[in-house]
Amino acid sequence: MLDTLITDMRTLHAVADLRQRVRGWKRNGLTVGLVPTMGALHDGHLSLVRTALRATDRVIVSIFVNPTQFDNPADLETYPRVMEEDTRLLAEAGAHVLYAPTVAEMYPAGFATTISVRGVSEGLCGGHRPGHFDGVATVVCKLFLQSQADAAFFGEKDFQQVHVVRRMAADLDIPIRVEACPTRREADGLAMSSRNRRLTGPGDRDRARALPQALAEAARAIAGGQPAGPVLAATREHLLAAGFSDVEYLELRREADLAPMAGFNGQPARLLAAAWLAGVRLIDNVPVPAAGA
Ligand code: PAF
């Protein structure tokens, strides 16, 4: 819990060591929280750690740049890796264990299992990144089983990922609570993301804020009764005019199960987008409040 912050965080690399530590905690009746990450931590991740510390007695943060969820080898290669800085941030935040397995530990020779979640993983990011959610579901399932955590904490920026992980855990009877935490944003509204570090060209970072602004405006217009189709078409044009090179998707989906919505019908909905700016793929989503909310 937050009032018992300790700074003697342990870094573990092996499943056996993680299991041993968790066994000790559980023997003492302590609850365990897990924050799965790929590192290059920002305040969005640290807020998940703070939430986990409030909700559970011991918090594990995993850092593993999972090769099986990258559909693009260049993206995997250039994914930021700053382990020293991450370790310091997590120790300061009060995490109890940093779990940083190697690729060989997670995927030993002969590894042959893939978890594929139908339905919620289709379309949106799943439609544009073949195999991505198979990689996510498989590695998160392994992290759940390795950590034996009581609760796991994910950011809503990856809204579709939260749905995929929840479905996977429910379908496989993994006894874990999957908590979705609100997206953390920079002062100008840009959703915090490890990929923002790559917006290094002149003006790129300023241009990026057009994404959350356009989504917020579109959500307001749709909630206010304007037809979704024309609003989304105008939003797409706006993003391209603002300097985005491509809008991969921009869609209205039902919040509860991500079912496509041709128009807003008053049920809670989400507007989700992925768009490219200066070679960087940014994703974001905003709620479209239910009528009368
Ligand atoms: O959101 C992420 O950083 C990753 O997809 C996750 C959940 C850590 C799985 O590799």
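The values are calculated or read from the model by the stated rules, or taken from the named source; none is laboratory data. Since the structure is predicted, the reported quantities are computational estimates derived from the model, not experimental observations. We place every Cβ from the backbone using ideal geometry, glycine too, and count neighbours over all the protein chains shown. Areas reflect the complete protein model, heavy atoms only, side chains present, ligands, DNA and RNA absent. Shrake-Rupley method; radii C 1.70, N 1.55, O 1.52, S 1.80 Å.
If you take the residues in the stretch 35-54 that are touching a helix residue (DSSP H, G or I) at 6+ places or on another chain (Cβ under 9 Å) and farther than 16 Å from D158 by Cβ, which one is most open to solvent (accessible area, probe 1.4 Å)?
Here is the first cut: in the stretch 35-54, the residues touching a helix residue (DSSP H, G or I) at 6+ places or on another chain (Cβ under 9 Å) are 35-42, 44-46, 49-50, 53-54.
Among the residues that remain, those that are also farther than 16 Å from D158 by Cβ are: 46, 49-50, 53-54.
On the way: L46: 22, V49: 1, R50: 83, L53: 1, R54: 136 Å².
Of everything passing the filter in the stretch 35-54, R54 is most open to solvent (accessible area, probe 1.4 Å).
Considering only the stretch 55-89, how many residues are within 15 Å of the ligand (Cβ to nearest atom), of a type in the set (D, E) and either open to solvent by 60 Å² or more (accessible area, probe 1.4 Å) or not in a helix (DSSP H, G or I) (or both)?
1
Would the stretch 90-102 turn up any residue that is within 16 Å of the chain's Cα centre (by Cα), away from the ligand (no atom under 12 Å from the Cβ), buried (at least 21 other Cβ atoms within 10 Å of the Cβ) and in a helix (DSSP H, G or I)? Full working, then the answer.
Keep residues of the stretch 90-102 that are within 16 Å of the chain's Cα centre (by Cα), which gives none.
For the stretch 90-102, residues within 16 Å of the chain's Cα centre (by Cα), away from the ligand (no atom under 12 Å from the Cβ), buried (at least 21 other Cβ atoms within 10 Å of the Cβ) and in a helix (DSSP H, G or I): absent.
When both residues are 6+ apart or on different chains and their Cβ atoms are under 8 Å apart, which pairs have a first residue that lies in the stretch 123-140 and is free of Cβ contacts under 8 Å to residues at least 24 places away in the same chain, and a second that is open to solvent by 20 Å² or more (accessible area, probe 1.4 Å) and polar (S, T, N, Q)?
Taking only residues 6 or more apart or on different chains, not a single pair turns up.
Return the residues of the stretch 17-48 that are in a helix (DSSP H, G or I) and under 28 Å from T114 (Cα atoms); say none if nothing qualifies.
Taking the stretch 17-48 first, the residues in a helix (DSSP H, G or I) are 17-27, 43-48.
Those that are in a helix (DSSP H, G or I) and under 28 Å from T114 (Cα atoms): D17, L18, R19, Q20, R21, V22, R23, H45, L48.
Any residue in the stretch 51-64 that is over 15 Å from L18 (Cβ atoms) and at pLDDT 95 or above sitting within a Cβ distance under 6 Å of a residue that is open to solvent by 10 Å² or more (accessible area, probe 1.4 Å) and within 14 Å of the ligand (Cβ to nearest atom)? List the pairs, counting only those 6 or more apart or interchain.
From residues that are over 15 Å from L18 (Cβ atoms) and at pLDDT 95 or above, the pairs are T51/C181.
If S121 passes every condition in (1) crowded, with 21+ Cβ neighbours inside 10 Å; (2) outside any loop (DSSP other than H, G, I, E, B) but one, which one does it miss?
(2)
Would you be able to say whether some residue in the stretch 144-164 is under 16 Å from the mean Cα position of the chain (by Cα), away from the ligand (no atom under 12 Å from the Cβ) and open to solvent by 50 Å² or more (accessible area, probe 1.4 Å)? Please lay out each step first, then the result.
Taking the stretch 144-164 as the starting set, the residues that turn out to be under 16 Å from the mean Cα position of the chain (by Cα) are 144, 151-164.
With away from the ligand (no atom under 12 Å from the Cβ) added as a condition, the list becomes 151, 163.
Now drop any that are not open to solvent by 50 Å² or more (accessible area, probe 1.4 Å), which leaves none.
No, every residue in the stretch 144-164 fails to be under 16 Å from the mean Cα position of the chain (by Cα), away from the ligand (no atom under 12 Å from the Cβ) and open to solvent by 50 Å² or more (accessible area, probe 1.4 Å).
Sort out which residues of the stretch 177-189 are without any contact (Cβ under 8 Å) to a residue 60 or more places away in the chain and either away from the ligand (no atom under 13 Å from the Cβ) or under 22 Å from R81 (Cα atoms) (or both), and write them in order of number. Break it down into steps so the answer makes sense when it comes.
The first filter runs over the stretch 177-189 and keeps only residues without any contact (Cβ under 8 Å) to a residue 60 or more places away in the chain, leaving 177-178, 180, 182, 185-189.
Scanning the stretch 177-189 gives R177, P182, R185, E186, A187, D188, G189.
How about the stretch 14-24: which of its residues are open to solvent by less than 30 Å² (accessible area, probe 1.4 Å) and free of Cβ contacts under 8 Å to residues at least 40 places away in the same chain?
G24
Per-residue answers, yes or no, for (1) within 12 Å of A218 (Cβ to Cβ); (2) open to solvent by less than 30 Å² (accessible area, probe 1.4 Å):
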site	(1), (2)
V231	yes, yes
A234	yes, no
Y249	no, yes
L258	no, yes
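Taking the condition among the hydroxyl-bearing types (S, T, Y), open to solvent by 20 Å² or more (accessible area, probe 1.4 Å) and under 29 Å from R118 (Cα atoms), does T200 pass? Lay out the reasoning, then the answer.
Numbers: among the hydroxyl-bearing types (S, T, Y): yes; open to solvent by 20 Å² or more (accessible area, probe 1.4 Å): yes; under 29 Å from R118 (Cα atoms): no.
Considered against the rule, which asks whether it is among the hydroxyl-bearing types (S, T, Y), open to solvent by 20 Å² or more (accessible area, probe 1.4 Å) and under 29 Å from R118 (Cα atoms), T200 comes out as no.
Looking only at the stretch 103-115, how many residues end up being within 15 Å of the ligand (Cβ to nearest atom) and not in a helix (DSSP H, G or I)?
3
Quick check on the stretch 70-82. Is at least one of its residues touching a residue at least 12 places away in the same chain (Cβ under 8 Å) and more than 20 Å from V280 (Cα to Cα)?
no
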